[in-house]
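One structure below.
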Amino acid sequence: MIAMTAKARAKSSDILLSVRDLVVEFATDQGIVRAVDGVSFTIKAGETVGLVGESGCGKTVTGLAILGLIPSPPGRIVSGSIELQGQDLTQLSEPELRKIRGSEISMIFQEPMTALNPVFRIGSQMIDVLRRHQQLSKRQAHAAAIEMLAKVGIPDPAVRIEEYPHQLSGGMRQRVMIAMALSCGPKLLIADEPTTALDVTTQAQVIEQIIKLQSEFGMAMILITHDLGVVAETCRQAIVMYCGSVLENAPVTELFAHPRHPYTLGLLGSIPRLQADRQTKLPIISGMVPDLLHLPSGCRFADRCNKVMQQCRQQRPLLGALPDTSTKVACYDPH
Amino acid sequence: MEILQYSLRKLIAGIPLVLGVTLISFLLIVYFGPDKTYDLLGKNPTAEEIAEVRSQLGYDRPFVPRYLEYLHEVITFDFGNSESTDEKVSTILSRTIPVSIALALPGFILGNVLGVMFALLAAYFRGRWIDKFIMGFAAIGMSISFLIAIIGFQILLSSSDGLDLFPVRGWDTSTPLQYLRYVTVPTLATVFIALGYNTRFYRAVIVEEMTRDHVRTAKAFGTPPARLFYRNILKNSMIPIVTRIVFSIPFIVISGSLLLESYFGIPGIGKVTYDAIITGDQPVLKAVVALTAILFVVAQLLTDICYRAVDPRVSLK
């Protein structure tokens, strides 16, 4: 009995972040939009989880909600909990959250060209973050910032630190963002499409850099992306989102070898492959993403699903574990 | 050094503007302006008398020499003597411009500083009652005519029907206290009106800046609100704010206080300009117009240099 509780505790302490039944709503002129609807997942320390889905499926909002950065008004977290090592972030006050932002949890954004403050030198911005979260003198913070810039692969960091964001290329700016995000040794990094705005060669370099640093710092990462290729390369676990809810949550190898949800299947099917016959048409998922203001009452994917049943239209399938796998899927008839 | 070179280039580039303004003002005020012949001659002049006076006044000379003569006046800044008081125009200007500045400066500074402060407040509490309250007042300030504001404040503060605290009109700067007594009511009226426009404008600028990506980044790194406002929002909103402030300088020096000065009987440049328009005092008008044009060129130069100071992306090349 005692042994069991100890074991259970050991298991739960592995879990770094636990999101449960998160609901985020935005008030618009047309009505209330539920951008995130009952999202649950857990992340273990040091693990990389990919959050995959189309634009507008709620990936970024989920990321912002973890840091308490939902613009309010119009948005708000309606219900659910976000626990970081047992501490519910949704219950924290703004000053308490500020202590966590940038130190325990960091976030990097999609658009490196605009994500840095254009009127301050990058050094000044990095030192600002370092000194806010750590007891450092100006000189120590300056040295730490140079060290971080070197770590993310910026040549001549001592020179570059005196430059303004506009003097750097997009890839360099994203590296500066990464350096800033990692400077206080966060336990969790939320990377919101960190490479989408970069050109392809830079993309690979930046992703590689992130992964290298992630293992070096031993932090967990949520990689928000619509690029399944990046997920396959970098993540252990993948969460597929659609219209604000999770459709499938599976280990990456499982997901690619054996996609369970028809939507996941469709997503994987619509990736162009080099080996494929050039004459064959690239399969697409038919139909359109439903309007978030008028979501169907049943499964959100029902209208586009080729296996749709009566039941799908009546009641939303809940995310449940498939027997004998570590995959969770929200479908009445998984593959 | 870079700034000096840049200033010189900009000033040279400003010459066509000054030329254009002087040409138009020459056409309107001098060439097609009031004909003084009959004022000077009195009743029943003979044709010879008319021709003589016209040639004395230079009316019979062709366009180009007359315009060049005007340009010469602009360059040497010697516009001759006023036609109504026979005082040297440059003496009039050097006497009245300081008065105008002393009158307009407090309102100008308060109007902008308070405008930015209220705009920050309104932007921070966007959509809440404090925002609606401030913007409501701004709308009132914008909707009321300047003259009504002047009369309103006068009745409230200067008349025996109101508090009767300040003199109704006039100007005295002999002691700081006297200056304060005379400048208060005009300043209040100016600030009341300016705040309406300024707050609205600055709020729009600040709200736009608040939604920028780098503001979100700063929030994601735990920047507290005060620092966020100063480092991310205010500093980045400086370009439109500086533009607005610097470009209103020519107005406060020259024409902005026209209504204020004529209404309060303050002997500033605005009053002189007003009187010159009424009496058709060409030398004074020519000087004021030329001065305004030159000030605009200088203000433009100043804004560009200020841009460099607030935004490292701006190059003076």
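Values in this text are rule-based calculations from the coordinates and carry no lab data. Since this is a predicted model, take the numbers as computed values, not measurements. Here Cβ is always computed from backbone atoms with ideal geometry, including for glycine, and neighbour counts include all displayed protein chains.
Note on the stretch A:105-239: Cα-only Rg and Dmax are 14.2, 43 Å.
Rounded to the nearest 500, the 222 nm mean residue ellipticity of chain B from helices alone is -22500 deg cm²/dmol, with -39,500 (n - 2.57) taken per DSSP H run of at least 4 residues. Put in order of Cβ neighbour count within 10 Å, fewest first, the listed residues A:Cys299, A:Cys305 become A:Cys305, A:Cys299. As a calculated quantity, the FRET efficiency between B:Thr211 and B:Asp35 at R0 = 56 Å, using C-beta atoms, amounts to about 0.40.
Let me know the shape class of the stretch B:210-317, please: from the alpha-carbon gyration tensor, a ≥ b ≥ c as square roots of the eigenvalues, rounded when a/c is under 1.5, otherwise prolate if a/b is greater than b/c, or oblate. Prolate shape, in that a/c is at least 1.5 and a/b is the bigger ratio. Legend: mean number of C-beta atoms from other chains within 10 angstrom of residue C-beta atoms, peptide A:68-77, equals 1.
Among beta bridges from DSSP that stay inside the protein assembly as shown, the antiparallel ones total about 65%.
What's the local net charge at B:Tyr202, with K and R +1, D and E -1, over the other residues with C-beta under 12 Å away?
Details: positive: B:Arg200, B:Arg203, B:Arg244; negative: B:Glu208, B:Glu209.
Local net charge: +1.
The ranking of A:Leu67, B:Leu27 by Cβ neighbour count inside 10 Å, starting from the fewest, reads B:Leu27, A:Leu67.
Pop the C-beta distance of A:His226 and B:Phe137 into the FRET formula with R0 = 45 Å and round what comes out to the nearest 0.05.
Numbers: r = 47 Å, r/R0 = 1.04.
For A:His226 and B:Phe137, the calculated efficiency is 0.45.
Counted by neighbouring Cβ atoms within 10 Å, the residues A:Val61, A:Val230, B:Val310 run from fewest to most as B:Val310, A:Val230, A:Val61.
Checking the table A:Lys44/A:Lys187; A:Lys138/A:Lys187; A:Lys138/A:Lys212; B:Lys43/B:Lys271; A:Lys187/B:Lys219 against a 20 Å threshold on Cα-Cα, which pairs fail?
Numbers: A:Lys44/A:Lys187 10 Å; A:Lys138/A:Lys187 24 Å; A:Lys138/A:Lys212 28 Å; B:Lys43/B:Lys271 32 Å; A:Lys187/B:Lys219 18 Å.
Those over the limit are A:Lys138/A:Lys187; A:Lys138/A:Lys212; B:Lys43/B:Lys271.
Computed over the Cα atoms of chain B, the ratio of the radius of gyration to the Kirkwood radius (Rg/Rh) comes to 1.06. Spin-label model, B:Asp78/B:Ile50: points 7 Å from Cα along the beta carbon direction are separated by 3.4 nm. Solvent-free Debye calculation, one equal scatterer per alpha-carbon of the stretch A:7-128: log10 I(q)/I(0) at 0.17, 0.21 Å⁻¹ equals -1.01, -1.33. Placing a label point 7 Å from the Cα of A:Ser137 along the Cα-to-Cβ direction, the residues of the stretch A:144-188 whose backbone N falls under 20 Å from that point are A:144-148. Calculate, in whole percent, how much of the Cα-Cα pair population of the protein assembly as shown lies beyond 43 Å. Cα-Cα pairs in the protein assembly as shown separated by more than 43 Å: 46 percent.
For helix B:235-247, what angle does its Cα long axis make with the longest principal axis of chain B, in degrees from 0 to 90 and rounded to 10? Tilt of helix B:235-247: around 20 degrees. Taking the longest Cα principal axis of chain B as reference, the axis of helix B:269-279 is set at about 40 degrees. Quick one: net charge of B:Glu48's neighbours, Cβ under 15 Å, K/R +1, D/E -1? With Lys, Arg at +1 and Asp, Glu at -1, the net is -2. Which of the lysines could a cross-linker bridge to B:Lys36, judged by Cα under 21 Å and excluding same-chain residues fewer than eight apart? B:Lys36 reaches B:Lys88, B:Lys286.
To the nearest ten degrees, helix A:2-14 and the longest principal axis of the Cα atoms of chain A are 70 degrees apart. Counting only residues at least eight positions apart within a chain, or on another chain, there are no lysines with an alpha carbon under 18 Å from that of B:Lys132. Based on Cα contacts under 8 Å between residues 6+ apart, chain B shows a relative contact order of 26 percent.
Among the lysines, which fall within straight-line cross-link reach of A:Lys307, defined as a Cα-Cα distance under 26 Å, with same-chain neighbours fewer than 8 residues apart omitted? In chain and number order, the partners are A:Lys59, A:Lys281, A:Lys328.
Helical content alone sets the calculated 222 nm signal of chain A at -10000 deg cm²/dmol, taking -39,500 (n - 2.57) per DSSP H segment of four or more residues and averaging over every residue. Could you tell me the relative contact order of chain A? Use alpha-carbon pairs under 8 Å, at least six residues apart, and round to a whole percent. Taking the mean separation of contacting Cα pairs over the length of chain A, I get 19 percent.
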